[in-house]
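Everything on this sheet refers to the single structure shown next.
The values are calculated or read from the model by the stated rules, or taken from the named source; none is laboratory data. Note that the coordinates shown come from a computational prediction; the quantities given were computed from them, not determined experimentally. Because the Cβ atoms are built from the backbone with ideal geometry, glycine has one as well, and the counts that use them run over all protein chains shown. Note: accessible area is taken over every heavy atom of the protein model, side chains too, but ligands, DNA and RNA are not part of it. Shrake-Rupley method; radii C 1.70, N 1.55, O 1.52, S 1.80 Å.
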Amino acid sequence: MDEELLVYEQDEVYTLPTSQEELSVSGKLRIIERRHGVVVEWRCSDDEATTDSEWAVINSAAVTFTHHNVSDSVEISTPRRNVRPIAIELVDLRSYRIADDDSLVLIQRDGTTHPALAFRSGSVLCFVEVLLRYVAVKRSEKDSNLYLVSDKRQAAMDEELSAMNLVPPRRGFPGAGGPNHWLNTQHRVWGFINNLKRDPYTTTVGALSKFYDAVLYTGVEGYIRESDGAEDDVAELFHSLNGFEDLEPGYELLTKKGTLAERPDVDRLAPLTHDDFQQFLDDDGRILDVEPLKQRIFKGGIHPNLRRELWCFLLGHNLWNSTYIQREERRRQRENLYFTMKQQWKTITEDQESRFTGFKERRSLIEKDVNRTDRNHPFFEGEHNPNVVLLHDVLMTYVMYNFDLGYVQGMSDLLAPILYVTQNEATAFWCFVGYMDIVYRNFDMDQSGMKQQLKDVHQIVHLVDPELMSYLEVRDSANFYFCFRWLLVRFKRELNYASTLRLWEVLWTGHPCPNFHLLVAVALLDTEKNTIMENKFGFTEILKHINDISLRIDLDATLKKAEAIYLQIASSPNVPDCVRTVLGLPLQEPSTSQLRIRKVK
């Protein structure tokens, strides 16, 4: 057994729950010196006696449900938490976050991002104080909550290098001009190019940070206005960089005259209640002002007890201008049609199925998928759960309704929340039909619909955050494949159930623009930008990090940021037509004055 020395231990360090569906779990945080190195470890208190356990599963209660039709659709959940112990060799710790509430998030070099830990007693500063015995820690210049961890010797070398002034100063600033100005500039550029070839992104962002804002944000005109003659400095430096042909494929610096408008602050509202909804109805039940109602839902979502009724409108099962009587008649007609289609597939014999390969394959795939869809959610958990049978039957009936599309993996993820909210088989089917009419391109056999959405995200990020775009290109991550799951099932795997329901109803309003889900993706990338870039994550690490932030996303903050990005783009003059088309903005002639610096091909 390895000898080990416990150098730090803190009891009552809790994992922070990400929603009301989860429990906070108490554990011990330790720093341990072992023969092979120093280890940071957190283990659930209930799991202390079982060293071989990889997971601690905590449940608070059991819940009994009534199925099928109920009077109200409500949020039902059982608090639970699957807790994985944390064990990180210090050489693998890349950074950590200390939030405003003093909670701690540990981030590894491979992109693993661990759950937030809160100190019920003691202080996170005591943990950091012990950590500093072994590593160097530097606070991020871009994110005050992020701290970068490095080897002490490497950190000392980095400080020496950063003290070397690699970027020529602007004219009019100390150190500018003089008889040796050109020679000094060439010397610095030569060192810059050598570093550039070793690590293109880090060198570019580090050495060019003094004028990065001028080139990518305020534009060359703004840079020149700040200092007479600065235009010569920009040209001198860029024309000296004759090593760009050695950069990795796809590297590009792009600047434009003019910038995006200021990103505004936006507010969210409380969910739409029954009383709020009544103000939009006339005496016969018609909705008088559809777009203001959609805008209200976009800004705050829908109260759970009203959700089933309004989802039927948002997904086309009910017509906006229909009366109470007309809606009831439409419901009966569509229910009869649903069960007619259901009987079609239920009466197919085994002999018929043996000559109906497409049907047989789709049935097999549905049976496989429904048995692993949301089985941890109380509405679908347990053996012989009738709701799982309903999930299967609705998907099989959709195969008969739309055999051209049939069933593709991922569709069960989209149906399950609809069935949970409506808790009615036929209603769930027709609402699912409405949802599939929106997202059917996600399931193209050649994935052309998904590829187009990833391309659209690329175009938006290129516009709103060229710094992040350049980073992703150099790190072979500009394909945005790490966003694939986000877009395929509309963030369902990234959010808890309550947040998924809220996000979906917001997206279904079509406000404030088409394809708002792409801006949600861009907003999430913006939130994670500093963590990705400061930790120098490549594609594999980004993918790991993106997976690890699932169930830890602040939906309200993300929706605020996504809306703010839309308003920023909509009020900016120099927006390319490709982005305007995606977001439904009017097209306009692009600016003719641009400065572009591209790699030599």
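Shape of the range 428-582 from the C-alpha gyration tensor: rounded (a/c under 1.5, with a ≥ b ≥ c the square roots of its eigenvalues). Computed over protein heavy atoms with a 1.4 Å probe, the carbon and sulfur contribution to the accessible area of the range 428-507 reaches 48%. The residues neighbouring Gln279, those whose beta-carbon lies less than 14 Å from its own, together hold a net charge of -3 under the Lys/Arg +1, Asp/Glu -1 convention. Once you sort the root eigenvalues of the Cα gyration tensor of the range 302-405 as a ≥ b ≥ c, which label holds: rounded (a/c under 1.5), prolate (a/b larger than b/c) or oblate (the other case)? Here the range 302-405 falls in the oblate category. Among the listed pairs Lys142/Lys560; Lys368/Lys536; Lys28/Lys544, those whose Cα-Cα separation exceeds 28 Å are Lys368/Lys536. With a ≥ b ≥ c taken as the square roots of the eigenvalues of the C-alpha gyration tensor of the range 489-531, please select rounded if a/c is under 1.5 and otherwise prolate if a/b is larger than b/c or oblate if it is not? Since a/c reaches 1.5 but b/c is at least a/b, the shape of the range 489-531 is classed as oblate. Using the Cβ of Leu319 as centre and a radius below 10 Å, the other residues enclosed give a net charge of +3, where K and R count +1 and D and E count -1.
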